[in-house]
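A.B. asks: After the structure tokens below, expect a handful of questions from me.
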Amino acid sequence: MRIKCSHSLFLIVDLQKALLPVIDGSDQAVNEAIWLGSLAQTLDVPVWLTEQYPQGLGGTEPRLIEALPNARLWQKSHFGAHDETDFAEALAALERRQVVICGTEAHICVMQTALSLLEAGYEVYWLVEATASRRQDEAKLAMARVQAAGGVPVTADMVAYEWLERCDNERFKQAHRQFLKKRSARPLRFV
């Protein structure tokens, strides 16, 4: 199963400003979400953001809002975003069956959203370097549980190159100049 640009949605779950200071690996999660979200927007892949209880956890991290001006923002009460009727209906209407997912906390809202999407027949791709929890062990267990249910762990580079598909067109050249060439060969910490 390859991830196709025209079939994808990039879903960033609850990267919220009051929650991030207690999240192990939050800076990397935000930076990777911004990088892939920015590429997604240039490739016309919809980007959706969710917020859980923003009155207590604050709104979405401002860097995400600034970097992803075309992202659609959803507020939710359920831990699993797909359990919200309006979210599920809007996603069905979008007719994109592949969801690249990341965010916090991995073992709560990201996992429950991923499991609900899998139950509904979507392909779920767990963006490992942009999904985190307060405790790294919980994030690892959440990824393992989603993987056992059919979700697929991926990196941002994997997704980017699958979305781009080939190197001999203007779309790739633009993405290479704007995103890929500037991407440093830095070590990533995976959950």
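Each reported figure results from applying straightforward, stated rules to the coordinates on display, with no laboratory input. None of these values were measured; they are calculated from a predicted model. As a convention, Cβ positions derive from the backbone with ideal geometry for all residues, glycine included, and neighbour counts pool all protein chains shown.
A.B. asks: With 10 Å bins from zero, work out the P(r) of the range 137-179 over every alpha carbon pair and list the percent per bin.
C.D. replies: 25, 34, 21, 20, 1
A.B. asks: With unit charges on the beta carbons (Lys and Arg positive, Asp and Glu negative) and the dipole taken about the Cα centre of the chain, which residue among 12, 50, 158 sits farthest to the positive side?
C.D. replies: Checked the options; the winner is 158.
A.B. asks: If you count, for each residue, the other Cβ atoms within 10 Å and average over each peptide, how do 62-74, 3-15, 81-93 line up from highest to lowest? Before the final figure, lay out the partial values.
C.D. replies: Working: 62-74: 14.7, 3-15: 22.4, 81-93: 16.4.
The most tightly packed comes first, giving 3-15, 81-93, 62-74.
A.B. asks: Evaluate E = 1/(1 + (r/R0)^6) for residue 78 and residue 144, where r is the Cβ-Cβ distance and R0 equals 30 Å; express this FRET efficiency to the nearest 0.05. Walk me through the intermediate numbers first.
C.D. replies: Working: r = 23 Å, r/R0 = 0.75.
Efficiency at R0 = 30 Å is approximately 0.85.
A.B. asks: Take every Cα pair under 8 Å in the chain that's 6+ residues apart, average their separations, divide by the length, and report that relative contact order as a whole percent.
C.D. replies: Details: 336 pairs, mean separation 48.6, N = 191.
After rounding, I find 25 percent.
A.B. asks: Ok, one more. Using the beta-carbon distance between residue 177 and residue 120 and R0 = 45 Å, what value does 1/(1 + (r/R0)^6) give for FRET efficiency, to the nearest 0.05? Write out the running numbers ahead of the final one.
C.D. replies: Numbers: r = 37 Å, r/R0 = 0.83.
Here the calculated transfer efficiency is 0.75.
A.B. asks: Quick check: from the Cα gyration tensor, does the range 113-186 come out rounded (a/c under 1.5), prolate or oblate?
C.D. replies: Details: a/c = 3.71, a/b = 1.72, b/c = 2.15.
Oblate.
A.B. asks: Pick out, from 78, 36, 167, the residue whose Cα sits farthest towards the positive end of the charge dipole of the chain, with +1 on the Cβ of Lys and Arg and -1 on the Cβ of Asp and Glu.
C.D. replies: 167
A.B. asks: Based on Cα positions only, what radius of gyration and what Dmax would you give for the range 5-180, in angstroms?
C.D. replies: Just the Cα atoms of the range 5-180 yield Rg and Dmax of 15.0, 48 Å.
A.B. asks: With only alpha-carbon pairs counted, each pair once and no self-pairs, how large is the Kirkwood hydrodynamic radius of the range 1-67 in angstroms?
C.D. replies: On the way: mean 1/r = 0.0794 Å⁻¹.
Kirkwood hydrodynamic radius for the range 1-67: 12.6 Å.
A.B. asks: Now for a separate question. Which residue, 127, 94, 39, tops the fluctuation ranking in a GNM of the chain built on C-alpha contacts under 10 Å?
C.D. replies: 94
A.B. asks: Size of the dipole of the chain about the Cα centre, Lys and Arg at +1 and Asp and Glu at -1 on the beta carbon, nothing else charged, in debye to 20? Write down the numbers at each step before the final one.
C.D. replies: Details: 21 positive and 24 negative charges, 141 e Å.
Roughly 680 debye, rounded to the nearest 20.
A.B. asks: From the phi angles alone, apply the Karplus equation (6.51, -1.76, 1.60; θ = phi - 60°) to the range 66-78 and give each ³J(HN,Hα) in whole Hz, x where the residue is Gly or Pro.
C.D. replies: Computed from phi, the couplings for the range 66-78 are 5, 6, 10, x, 9, 5, 8, 9, 10, 9, 9, 9, 5 Hz.
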